[in-house]
Structure formats: C-alpha cells, structure tokens
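As structure tokens, the structure follows; a few thoughts come after it.
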Amino acid sequence: MKRILTGLQPTGIIHLGNYIGSIKQMIDMQDKYDSFIFVADLHAITIPQDSKELSDNIKKLIALYIACGIDPNKNTIFIQSENIYHTNISWMLECNTYYGELSRMTQFKDKSSKNANFTSGLLTYPVLMASDILAYDTDLVPVGIDQKQHVELTRDIAIRFNNKYGDTFKVPEPYMTKVGTKIMDLQDPLHKMSKSSENQKGVIRLLDEPEIIRKKIMSATTDSETRIIYDPENKPGISNLINIYSSITNMSIKDIENKFKDNNYGEFKKEVADVTINLISEIQDKYYKLLNSNELDNILDKGRDKTIEIAKVKYEEMKKKIGLYR
Ligand code: ATP
Ligand code: LTN
C-alpha cells in the first residue's frame with residue numbers, strides 16, 4: 001500500500017469550503033492508502049501566534065477532522081511538535097539545502113514582503129516540510145497548488161542527499177488534490193470562502209452555532225431575479241448555494257433546479273440552511289463528545305509513539321551517513 005502524508009496548519013477554525021473541497025476527499029483516500037495526517041504546529045509559529053489560541057486550535061483541528069470522518073483506525077494522526085525527530089532531521093537537511101533555493105520560494109517571497117521583520121523560520125519552513133515528508137518514506141503528498149513548489153524542493157533535497165550519502169530517502173511525488181467544487185464567500189460570491197476572510201458573515205465555520213449558520217445562509221448575497229438556476233457567471237450567489245446543496249446532498253445540479261423550479265430564493269435558502277445545519281450538527285455532536293473524552297489523547301499518543309519510532313530510524317541512519325557518531 002502506498003503511503004500518503006499531509007500536514008495542516010492550526011491557524012483557524014475550518015469552514016464548509018475546507019470540508020467540501022478537501023476533507024471529503026481525504027476521507028475517500030483513507031481506504032486506498034496508508035495515510036498519515038498531522039497538525040503542522042511548528043510551521044504555524046513561523047508567523048506570530050497567540051499561545052493559548054494556538055494550543056486550542058491544535059486540539060480543535062484534530063477533533064474536527066475526526067468528527068468529519070477521518071478514521072483514526074485508518075490514519076496515523078499526530079502532532080508535529082510531539083515528535084522531536086522532525087526538527088532534528090530538518091537541521092541535517094538544512095545543511096544540505098542552499099540559501100538561494102529557499103529565498104526563491106514563492107510563498108517565502110510573498111510572506112516576507114508583507115512584513116519586514118520576518119523570522120528565519122519563514123525562510124527554512126520548506127526544509128521542515130521536507131523533513132516531515134522524508135522521515136516516513138512517503139510516496140505521495142496531497143497538497144493544494146500553493147504547496148507544490150515545496151514538495152518539488154523536497155524532491156531536490158532528497159535526491160541531493162541520496163547522491164551525496166547513498167540511498168537514504170524515497171523521493172516523493174506531489175499529489176494534487178483534484179479541485180473539488182470551490183465554495184464561495186456567502187457575502188462576496190466572487191471570492192472563495194476562506195479562513196482568513198475579514199467578513200465572518202460570509203464564512204460558515206464548522207463550529208458555528210446552528211442559528212448563526214441559518215442567519216448567514218438566509219442573508220447570503222443573491223441577484224435580483226427569482227429563479228433557481230445554475231449560472232455561476234451571471235448568478236454567482238445562487239449558484240454557490242446550489243453547489244453547497246449539491247455537495248451536501250449528492251444531488252445533481254439539474255435535479256436541484258428541477259426540485260426547486262417553483263420556489264423562490266427565500267424558500268431555497270431555507271432548504272440549504274436545513275441540510276447544512278443537519279450536516280454540521282452531526283459533526284459538532286461528534287466533535288464535542290471527542291473533546292470531552294480521553295479518546296483524542298489516546299489517538300494522539302498512539303500517533304506520537306508510532307511516528308517517533310519510524311522517524312528515529314531515519315534520523316539514526318542520517319547521523320551515521322553524515323558522520324555524527326563516536
Ligand atoms: P487561508 O484563508 O488561511 O488561505 P483557506 O481557508 O483558504 O485558508 P487552506 O488552509 O488554504 O484554506 O486550504 C485547506 C484545504 O481546503 C485546501 O485543500 C484547499 O484547496 C481547500 N479549500 C480552501 N478553501 C476552499 C473553498 N472555498 N472551497 C473549496 N475548497 C477549499
Ligand atoms: N506547508 C503546508 C503544511 C505542511 C505539509 C507538510 C503539507 C507542513 N508539512 C508536509 C504536506 C506535507 C501548508 O501550509 N498547507
């Protein structure tokens with residue numbers, strides 16, 4: 001079975017767009033791959049974080065993923081900072097990575113241009129990511145397009161190390177998650193729903209109260225017509241609601257248009273709110289049960305112990321090859 005590994009930064013509560021565009025797909029992959037999923041908390045601190053909020057977000061992210069259907073029996077789930085080998089391996093990889101390579105990364109150029117006081121962690125971020133991937137002989141790395149360049153650098157680092165010290169790392173491939181339906185901001189349907197959106201009214205977070213979800217959907221921006229027709233160009237607001245309804249119910253767009261051909265926007269919005277609240281309430285039920293049980297700790301302890309065991313072997317092998325021994 002091929003191994004996949006992916007990391008998520010605990011930088012905010014995930015939303016309906018993340019669920020439809022990414023989590024549903026990861027749930028689908030868990031049956032076909034030996035799957036490792038971790039919280040990239042060390043990556044999150046490359047930019048300033050409030051410590052209490054960060055700690056809360058780490059736990060919330062794990063609990064939400066499991067509540068959504070990421071099965072702990074089919075996935076190895078862990079927290080990056082609980083496995084010291086990631087940073088130890090990262091140092092040895094850093095010493096085999098060029099400053100020029102790192103300073104050319106688009107994400108680095110982008111983020112460092114926004115704040116003159118950026119940390120050196122922002123520069124070396126992709127090497128830590130390489131370490132996350134290479135420590136586990138990962139075959140495939142499911143990521144969005146923005147992370148593809150980092151996986152390509154990981155390949156370069158692995159090949160360079162293998163050439164210099166002998167075969168040590170499996171060279172991974174990026175696995176571009178197929179672009180699922182893009183869910184748009186409810187208030188501004190020309191832009192995607194996003195964790196970092198300024199206007200919270202347009203974003204449905206998986207931990208929003210049901211009544212808040214209903215309000216957000218009922219006040220979603222639509223056009224001045226009344227017919228429920230899928231036309232993303234001319235009717236982006238209503239088309240977005242059709243996409244949400246279709247993704248949640250698995251109904252085709254044609255069937256939805258048919259079902260609601262005699263209804264007005266208000267009536268359709270109420271139906272969209274109902275199915276969304278239904279889905280999210282179920283996720284929240286599981287989420288709160290998990291948060292208040294020991295289950296989460298057991299899952300994370302298991303993930304930590306298993307990944308430490310694997311990464312330690314790779315770390316020792318690297319040390320030996322480099323000459324770090326008595
Ligand atoms: P940020 O605002 O910090 O960029 P984000 O909400 O855009 O965050 P990411 O953390 O960049 O989310 O993405 C996590 C995953 O969710 C990615 O696979 C991405 O493709 C998917 N995703 C994010 N937003 C949407 C959306 N609106 N519709 C569908 N998929 C999405
Ligand atoms: N940089 C990624 C998170 C991440 C990751 C990884 C993804 C850290 N390490 C290893 C895949 C494999 C991000 O910001 N989405």
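What about Ile20, is it within 16 Å of ligand 1 (Cβ to nearest atom), hydrophobic (A, V, I, L, M, F, W, C), over 18 Å from Gly303 (Cβ atoms) and in a helix (DSSP H, G or I)?
Working: within 16 Å of ligand 1 (Cβ to nearest atom): yes; hydrophobic (A, V, I, L, M, F, W, C): yes; over 18 Å from Gly303 (Cβ atoms): yes; in a helix (DSSP H, G or I): yes.
When the stated conditions are applied, Ile20 passes them.
From the list Tyr136, Tyr165, exactly one residue is in contact with a Lys or Arg (Cβ under 6 Å, 6 or more places away or on another chain) and either at pLDDT 95 or above or near ligand 2 (Cβ under 10 Å from one of its atoms) (or both). Which is it? Before the answer, list the steps.
Working: Tyr136 fails: in contact with a Lys or Arg (Cβ under 6 Å, 6 or more places away or on another chain).
Among Tyr136, Tyr165, only Tyr165 is in contact with a Lys or Arg (Cβ under 6 Å, 6 or more places away or on another chain) and either at pLDDT 95 or above or near ligand 2 (Cβ under 10 Å from one of its atoms) (or both).
If you check Lys164 against the conditions, is it under 24 Å from Gln25 (Cβ atoms), among the basic types (Lys, Arg) and more than 16 Å from ligand 1 (Cβ to nearest atom)? Talk me through it step by step, then tell me what you get.
Working: under 24 Å from Gln25 (Cβ atoms): no; among the basic types (Lys, Arg): yes; more than 16 Å from ligand 1 (Cβ to nearest atom): yes.
Considered against the rule, which asks whether it is under 24 Å from Gln25 (Cβ atoms), among the basic types (Lys, Arg) and more than 16 Å from ligand 1 (Cβ to nearest atom), Lys164 comes out as no.
Would you mind finding the one in Ile248, Ile228 that is crowded, with 16+ Cβ neighbours inside 10 Å and at pLDDT 95 or above? Let's see the steps before the verdict.
Details: Ile248 fails: at pLDDT 95 or above.
Only one candidate qualifies: Ile228.
In segment 159-190, what residues are aliphatic (A, V, I, L, M), without any contact (Cβ under 8 Å) to a residue 24 or more places away in the chain and in a loop (DSSP other than H, G, I, E, B)? Please lay out each step first, then the result.
Going through segment 159-190, the residues aliphatic (A, V, I, L, M) turn out to be 159, 171, 176, 179, 183-184, 186, 190.
Now drop any that are not without any contact (Cβ under 8 Å) to a residue 24 or more places away in the chain, which leaves 159, 171.
Across segment 159-190, the qualifying residue is only Val171.
Where residues in segment 23-38 are assigned to a helix (DSSP H, G or I) and of a type outside the set (S, T, N, Q), which of them is nearest to ligand 2 (Cβ to nearest atom)?
Keep residues of segment 23-38 that are assigned to a helix (DSSP H, G or I), which gives 23-29.
Now narrow it down to the ones that are of a type outside the set (S, T, N, Q): 23-24, 26-29.
Numbers: Ile23: 14, Lys24: 17, Met26: 12, Ile27: 17, Asp28: 18, Met29: 13 Å.
Among those residues, the one meeting the criterion is Met26.
Where in segment 39-158 are there helices (runs of 4 or more DSSP H), lying fully within it, with 1 or more residues that are away from ligand 1 (no atom under 14 Å from the Cβ), among the β-branched types (Val, Ile, Thr) and surrounded by 17 or more Cβ atoms within 10 Å (Cβ to Cβ)? First the steps, then the outcome.
Working: elements: 41-44, 51-68, 85-94, 99-103, 106-114, 120-134.
Here the list reads 51-68, 85-94, 120-134.
Among the residues of segment 3-17, count how many are within 19 Å of Pro174 (Cβ to Cβ), part of a strand (DSSP E or B) and within 8 Å of ligand 1 (Cβ to nearest atom). Walk me through how you get there before you give the answer.
Going through segment 3-17, the residues within 19 Å of Pro174 (Cβ to Cβ) turn out to be 3-9.
From what's left, part of a strand (DSSP E or B): 3-8.
Now restrict to residues that are within 8 Å of ligand 1 (Cβ to nearest atom): 8.
Count: 1.
The values are calculated or read from the model by the stated rules, or taken from the named source; none is laboratory data. The shown structure was predicted, so the numbers you read here are calculated from the model rather than taken from an experiment. Note that each Cβ is placed from the backbone with ideal geometry, even for glycine, and that neighbours are counted across all protein chains shown.
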